[in-house]
Amino acid sequence: MAHPSTEQVWEWLEAVPDPEIPVLTLADLGIIRNVDWEGDTCVVTVTPTYSGCPATSIINLDIETALRDKGLTKIELRNQLDPAWTTDWMSEKGREKLEKYGIAPPQPAGGPERCPHCGSPNVEKLSQFGSTPCKAQWRCTDCLEPFEYFKCI
Amino acid sequence: MADVDNKALFEFLVRMGDNTLILGHRVSEWCGHSPILEEDIALANTALDLLGQTKMWLDYAGKVQGEGKSADDLAFLRDAWDLRNVLLVELPNGDFGQTLMRQFLFDAYHSIILGHLLKSSDDEVRAIAQKASKEVAYHLERSADTVVGLGDGTPESHRRMQAALDYLWPYVGEMFETDDIDRAMASAGVAPEPSGLRADYDALVGRVLADATLTIPEGKFAHKGGRNGYMHTEHLGHLLCEMQWLQRAYPGCEW
Ligand SMILES: [Zn+2]
């Protein structure tokens with residue numbers, strides 16, 4: 001039986017939103033590492049963002065649901081730890097969407113470049129951790145609004 | 001991969017996994033009780049990372065053991081005498097300062113050993129270390145900063161941090177004990193001998209504690225018996241009572 005191309009499967013997966021930051025898709029995050037066919041089974045390889053991230057099991061479920069909706073029946077999800085996920089894999093589009101959503105995108109310098117609300121570069125750290133393992137809490141010293149920063153790892 | 005005795009490898013893996021399991025549970029006890037919201041969130045996130053790492057270590061341990069056990073089975077269905085965590089991580093939280101001092105003393109060791117495991121001859125150990133070391137670098141940055149902030153803080157916070165260090169320091173030595181299992185891991189290239197990590201540890205911890213204006217207690221006495229399962233402290237049983245309650249009351253329960 002002919003099956004959809006891996007390009008087609010990628011396209012479907014690119015539309016699946018992240019369960020905790022729904023402006024980002026799984027493709028924006030860069031956590032889908034591979035799509036392949038092994039016989040009539042579609043094998044999707046996923047890497048976790050943080051080892052204890054509670055979203056991981058939801059993400060796996062969402063991937064399976066999305067592919068079943070497209071008519072695939074034999075799906076296998078593989079977990080890949082090595083190489084470990086890094087925010088370098090986040091797409092440029094994903095970074096823009098994050099900032100528009102009010103979350104400062106990750107920067108190699110280790111802190112946000114500017115306030116996602118007013119664009120001021122005058123920001124200070126409130127806490128190294130935020131509402132999810134992937135974020136920290138910062139504040140703008142100009143508009144005084146707090147905001148979340150997507151940690152660079 | 002080099003030829004490794006599976007029994008020794010299993011022991012090594014549960015030592016790694018039990019450290020993160022027990023410390024993760026201890027830290028999670030702060031959830032909803034921290035002095036301020038930011039600290040509460042930070043501790044909960046640290047606990048979450050540690051539990052995630054536990055799952056990786058114990059899943060692999062279960063695979064190596066070959067009895068079909070999952071990480072959950074190993075975490076919830078073993079009793080105190082089968083756990084292999086160091087005594088340091090099972091000690092009660094005490095006050096916030098003691099919790100952060102314990103975290104720092106463990107994070108420093110954890111970051112050093114994970115750094116060596118990045119070069120492990122075992123592919124799976126290497127992969128877990130890659131994932132965990134990024135998270136632990138972050139934990140260490142935070143706990144070290146907090147130890148300095150509180151140690152070099154008010155007279156009251158300084159006094160509490162020195163008391164925490166005096167209480168916890170005799171539990172540091174156990175992390176660097178080297179036994180036959182460690183030697184087997186070292187000769188197979190899986191993991192370093194713990195005793196070889198001590199110099200790096202002393203340099204790192206010495207620097208931070210000096211910044212914190214705290215004095216490392218004299219004396220070489222070390223409490224031992226956790227990582228070889230000889231004798232845990234009385235605190236572990238109480239911790240397990242709470243952590244394993246559900247599986248003991250409703251065996252096999254899932255949701
Ligand atoms: Zn602003």
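Number of residues in segment B:150-160 that are in contact (Cβ under 8 Å) with a residue 60 or more places away in the chain and open to solvent by less than 60 Å² (accessible area, probe 1.4 Å) equals 3.
Would you point out the residue of segment A:1-14, among those that are at pLDDT 90 or above and open to solvent by 70 Å² or more (accessible area, probe 1.4 Å), that is farthest from A:Pro105 (Cα to Cα)?
Going through segment A:1-14, the residues at pLDDT 90 or above turn out to be A:4-13.
Next cut, open to solvent by 70 Å² or more (accessible area, probe 1.4 Å) only: A:7, A:10-11.
On the way: A:Glu7: 28, A:Trp10: 24, A:Glu11: 24 Å.
Filtering first and then ranking leaves A:Glu7.
Residues in segment B:159-213 that are at positive phi and touching a His at 6+ places or on another chain (Cβ under 7 Å): B:Thr213 alone.
Yes/no per residue for (1) under 16 Å from B:Ile22 (Cα atoms); (2) open to solvent by 10 Å² or more (accessible area, probe 1.4 Å); (3) not in a helix (DSSP H, G or I):
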| site | (1), (2), (3) |
| --- | --- |
| B:Gly68 | no, yes, yes |
| B:Trp81 | yes, yes, no |
| B:Val89 | yes, no, no |
| B:Asp107 | yes, no, no |
| B:Ser121 | no, yes, yes |
| B:Lys131 | no, no, no |
| B:Val136 | yes, no, no |
| B:Leu140 | no, yes, no |
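Residue-by-condition table, conditions (1) within 14 Å of chain A (Cβ to nearest Cβ); (2) at pLDDT 95 or above; (3) part of a helix (DSSP H, G or I):
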| residue | (1), (2), (3) |
| --- | --- |
| B:Ser143 | yes, yes, yes |
| B:Met161 | no, yes, yes |
| B:Tyr167 | no, yes, yes |
| B:Ser195 | no, yes, yes |
| B:Arg198 | no, yes, yes |
| B:Tyr201 | no, yes, yes |
| B:Gly206 | no, yes, yes |
| B:Ile216 | no, yes, no |
| B:Ala222 | no, no, no |
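For the criterion of being surrounded by fewer than 24 Cβ atoms within 10 Å (Cβ to Cβ), acidic (Asp, Glu) and more than 10 Å from chain A (Cβ to nearest Cβ), B:Glu29 passes. Once segment A:75-104 is narrowed to residues that are assigned to a helix (DSSP H, G or I), of a type outside the set (D, E, K, R) and within 14 Å of chain B (Cβ to nearest Cβ), the residue that is nearest to the ligand (Cβ to nearest atom) is A:Thr87. Just one of the listed residues (A:Gly94, A:Gly102, A:Gly111, A:Gly119) is over 27 Å from B:Lys55 (Cα atoms) and free of Cβ contacts under 8 Å to residues at least 24 places away in the same chain, namely A:Gly119. Is it true that A:Ala136 is crowded, with 16+ Cβ neighbours inside 10 Å, assigned to a strand (DSSP E or B) and at pLDDT below 95? Spelling it out, A:Ala136 is indeed crowded, with 16+ Cβ neighbours inside 10 Å, assigned to a strand (DSSP E or B) and at pLDDT below 95.
Among the conditions (1) under 30 Å from A:Thr6 (Cα atoms); (2) surrounded by fewer than 20 Cβ atoms within 10 Å (Cβ to Cβ), the only one that A:Lys100 does not satisfy is (1).
For (1) farther than 18 Å from B:Gln130 by Cα; (2) over 13 Å from the mean Cα position of the chain (by Cα), each residue gets a yes or a no:
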position	(1), (2)
A:Ser57	yes, yes
A:Ala66	yes, yes
A:Lys70	yes, yes
A:Lys74	yes, yes
A:Gln80	no, yes
A:Glu92	yes, no
A:Lys97	yes, no
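Of the residues in segment A:105-137, how many are of a type outside the set (Ser, Thr, Tyr) and more than 10 Å from the ligand (Cβ to nearest atom)? Number of matching residues: 20.
Given the structure, is B:Met231 part of a helix (DSSP H, G or I), more than 14 Å from chain A (Cβ to nearest Cβ) and under 18 Å from B:Arg15 (Cα atoms)? So B:Met231 does not fit the description; no. Condition check for A:Asp69 on (1) touching a Ser or Thr at 6+ places or on another chain (Cβ under 9 Å); (2) away from chain B (no Cβ under 14 Å): one failure, at (1). A:Gln107 meets all of the listed conditions (1) within 17 Å of the chain's Cα centre (by Cα); (2) within 13 Å of chain B (Cβ to nearest Cβ); (3) in a loop (DSSP other than H, G, I, E, B) but one, namely (2).
The values are calculated or read from the model by the stated rules, or taken from the named source; none is laboratory data. Please read all numbers here as calculations on a predicted model, not as lab measurements. FYI the Cβ positions are ideal-geometry reconstructions off the backbone, even for glycines, and counts take in every protein chain you see. The accessibility values were calculated without ligands, DNA or RNA, using every heavy atom of the protein model including side chains. Shrake-Rupley method; radii C 1.70, N 1.55, O 1.52, S 1.80 Å.
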